Number of protein chains: 2
Amino acid sequence: MDPESDQDVCAKWSETLRAYHGTSCELENELQSRHQLGLSEFEVLQVLSGHCGGADEKVMMKDLEAEMYLSQSALSRTVTRLEKAGLVTRAACELDRRANHLMLTAAGRERWEAARPTHEAVLRKHFA
Amino acid sequence: MDPESDQDVCAKWSETLRAYHGTSCELENELQSRHQLGLSEFEVLQVLSGHCGGADEKVMMKDLEAEMYLSQSALSRTVTRLEKAGLVTRAACELDRRANHLMLTAAGRERWEAARPTHEAVLRKHFA
DNA sequence: AATCATTATATGCATTGACATTCAATGCGC
DNA sequence: GCGCATTGAATGTCAATGCATATAATGATT
């Protein structure tokens with residue numbers, strides 16, 4: 001059932017490619033030039049801030065990985081960059097010392113809040 | 001008009017990300033393991049084969065670049081890889097000797113035709 | 001408690017891609 | 001014909017990513 005033609009399928013893929021490349025490219029440029037953040041860095045901040053309902057929720061690398069389209073190694077390095085920039089902290093988990101608890105710093109939260117409208121505006125431009 | 005909520009816009013972006021990463025990742029894996037082709041390499045072969053209605057149409061790098069989401073430099077290197085693999089040829093254009101005419105070799109056409117069903121199957125799986 | 005498999009994360013290495021620069025061919029103005 | 005801006009493509013350099021592997025903490029088995 002639903003025998004979509006090769007053309008239909010191909011057109012959907014083309015449209016996905018167009019939307020993805022156009023949007024991610026502009027997100028990358030805007031976030032970098034206005035807020036010194038790469039797209040995946042912004043996305044990490046976003047997940048961390050989302051998990052923090054109120055103040056200081058903690059997130060493990062594993063959880064983060066599950067919510068992002070990044071390999072474990074790429075994610076580890078992305079967090080390292082954010083840590084060096086003072087936007088997140090890695091704290092060893094006390095219950096399981098293999099794991100890290102990640103947290104936004106105050107600076108991280110500020111940076112994310114500053115960048116959010118930029119991100120939002122680009123998405124709106126491409127999808128509204 | 002059409003005041004789509006932030007949520008709508010965000011959901012569309014999420015869906016685009018999901019579709020893009022899921023599909024391109026599987027395309028990459030399948031094409032590589034079954035046909036020793038990266039996705040962008042396959043795409044170059046596809047464009048070249050498409051331009052060749054009958055036998056031996058020629059395509060310039062510039063034209064190729066316009067049809068792909070790749071930088072000029074990345075494209076140049078991708079074509080270099082294909083050339084080394086014997087799948088395409090670069091021939092200096094006679095009218096404008098700065099330019100190259102790209103052509104599929106017989107091996108290139110074979111490889112593309114062999115890989116096409118794999119590509120098609122992945123797209124169908126994700127979009128049908 | 002010693003061994004072994006598993007889990008959470010980090011790191012070495014190779015690939016890929018983008019940006020800036022370079023080089024050669026072209027064509028324009030004079 | 002001679003400079004000079006432009007254009008098509010290749011290359012140097014660097015950042016980001018993925019895969020494989022290393023490290024280290026846990027948990028299970030004996």
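The values are calculated or read from the model by the stated rules, or taken from the named source; none is laboratory data. For clarity, every value in this text was computed on a predicted model and none was experimentally measured. Virtual Cβ from ideal backbone geometry, glycine too; neighbours counted across all protein chains shown. The accessibility values were calculated without ligands, DNA or RNA, using every heavy atom of the protein model including side chains. Shrake-Rupley method; radii C 1.70, N 1.55, O 1.52, S 1.80 Å.
List of remarks:
- Looking across segment A:93-116, the residues that are over 18 Å from A:Val47 (Cβ atoms) and open to solvent by 70 Å² or more (accessible area, probe 1.4 Å) come down to A:Glu94, A:Leu95, A:Arg97, A:Arg98.
- Members of segment B:49-74 that are within 16 Å of DNA strand C (Cβ to nearest atom), modelled with pLDDT of 90 or more and more than 14 Å from chain A (Cβ to nearest Cβ): B:Met60, B:Met61, B:Lys62, B:Leu64, B:Gln72, B:Ser73
- Complete set of residues in segment A:1-33 that are of a type in the set (Ser, Thr, Tyr), over 23 Å from B:Ala121 (Cα atoms) and facing chain B (nearest Cβ under 9 Å): A:Thr23, A:Ser24
- Pairing each residue of segment B:83-97 that is free of Cβ contacts under 8 Å to residues at least 12 places away in the same chain with any residue that is assigned to a strand (DSSP E or B) and surrounded by 13 or more Cβ atoms within 10 Å (Cβ to Cβ), provided the two are 6+ apart or on different chains, yields C-beta distances under 7 Å for B:Glu83/B:Thr89; B:Glu83/B:Arg90; B:Ala92/B:Asn100.
- Candidates A:Ser14, A:Ser40, A:Ser33, A:Ser5, filtered to the one that is open to solvent by 30 Å² or more (accessible area, probe 1.4 Å) and under 16 Å from A:Val79 (Cβ atoms): A:Ser40
- Any chance B:Val88 is modelled with pLDDT of 95 or more and buried (at least 16 other Cβ atoms within 10 Å of the Cβ): yes
For (1) more than 30 Å from A:Met68 (Cβ to Cβ); (2) within 15 Å of the chain's Cα centre (by Cα), each residue gets a yes or a no:
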residue	(1), (2)
B:Ala11	no, no
B:Tyr20	no, yes
B:Gly38	no, yes
B:Lys58	yes, no
B:Leu64	yes, yes
B:Leu82	yes, yes
B:Ala91	yes, no
B:Arg111	yes, yes
B:Glu120	no, yes
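- Condition check for B:Glu94: within 14 Å of DNA strand C (Cβ to nearest atom), of a type in the set (Asp, Glu) and within 13 Å of another protein chain (Cβ to nearest Cβ): no
- Of the residues in segment A:98-110, at least one is within 10 Å of DNA strand D (Cβ to nearest atom) and either away from chain B (no Cβ under 14 Å) or within 30 Å of A:Leu17 (Cα to Cα) (or both).
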